[in-house]
Amino acid sequence: MNPHAAMSNRWPAIAAAIFAVVWLICAWKPWFPEDWALENVLSLLTAWWLLRRHRRAPLSNTAYALLLTFGIAHEIGSHFTYAEVPYDALAQSLFGISISELLGVTRNHYDRLVHFSFGLLCYRPLAEVLRPQLMGASSAVRIVAPVTVVATISLIYETIEWSAAEVFASDLGQAYLGTQGDVWDAQKDSGLALLGAVIAAGLSTSWRRHLRRRPDRDPG
């Protein structure tokens, strides 16, 4: 077998193994264990669903790579809590700069980055999941549908966060909610997820148009 083809066939298992290792590392002494547990309920359910789906309808290797990237970003946030991810300290130790000072902000924006990444990175996997249901749909519908799903999931997640903050003790609820005093936090998070999905849709559309000019390539 061609080494490249063999690697391609093994990639889903490799991606799953990488995520498992990252998950175990981030599960070791998280800063706020109760918040880590809450953050990982949906993560583990999603991983379980992806494993079951892979047996009957696998996604592309690109989709698995995008999901792995998002999963790692989320696990880092769950380990430290999203409001306390020490990216500033890391940047200062490695490069001697403060990201917050460069951007002129005081709030920890790691949660904003991950919400944006959700839309940007999960658009392609969602498009593949929806593809069988949209076989007869127009190209516009196939482009817009995953964006709509991203926005819907983001709104549902924000509702879950708000409900958790109401149900659980104040410290745990606030750690999970992660508003950092911003009353418009949920709207901004959802808006960034939507923006990421719109950008991903634009990039995907441009790439497919480029590939159509090259009949030897499969748009995927």
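If only one of 151, 91, 73, 127 is in a helix (DSSP H, G or I), touching a Leu at 6+ places or on another chain (Cβ under 7 Å) and of a type in the set (A, V, I, L, M), which one is it?
151
Could you say whether any residue in region 139-152 is surrounded by fewer than 18 Cβ atoms within 10 Å (Cβ to Cβ), small (Gly, Ala, Ser), at pLDDT 85 or above and more than 21 Å from the chain's Cα centre (by Cα)?
Yes: one or more hits.
Out of all the residues in region 101-138, which are among the small types (Gly, Ala, Ser), crowded, with 16+ Cβ neighbours inside 10 Å and more than 17 Å from residue 39 (Cβ to Cβ)?
Filtering region 101-138 down to residues among the small types (Gly, Ala, Ser) leaves 104, 117, 119, 127, 136-138.
From what is left, the residues that are crowded, with 16+ Cβ neighbours inside 10 Å are 117, 119, 127.
Answer for region 101-138, where residues must be among the small types (Gly, Ala, Ser), crowded, with 16+ Cβ neighbours inside 10 Å and more than 17 Å from residue 39 (Cβ to Cβ): 119, 127.
Tally time: how many residues in region 187-220 are at pLDDT below 80 and either assigned to a loop (DSSP other than H, G, I, E, B) or under 20 Å from residue 154 (Cα atoms) (or both)?
Counting residues in region 187-220 that are at pLDDT below 80 and either assigned to a loop (DSSP other than H, G, I, E, B) or under 20 Å from residue 154 (Cα atoms) (or both) gives 8.
Quick one: which of 66, 59 is out of contact with any strand residue (DSSP E or B) (no Cβ under 6 Å at 6 or more places or on another chain) and either assigned to a helix (DSSP H, G or I) or without any contact (Cβ under 8 Å) to a residue 60 or more places away in the chain (or both)? Show your work before the answer.
Numbers: 59 fails: either assigned to a helix (DSSP H, G or I) or without any contact (Cβ under 8 Å) to a residue 60 or more places away in the chain (or both).
Testing whether each residue is out of contact with any strand residue (DSSP E or B) (no Cβ under 6 Å at 6 or more places or on another chain) and either assigned to a helix (DSSP H, G or I) or without any contact (Cβ under 8 Å) to a residue 60 or more places away in the chain (or both) leaves just 66.
The values are calculated or read from the model by the stated rules, or taken from the named source; none is laboratory data. Computed from a predicted structure; not experimentally measured. Note: ideal-geometry Cβ built from the backbone for every residue, glycine included; neighbour counts use all protein chains shown.
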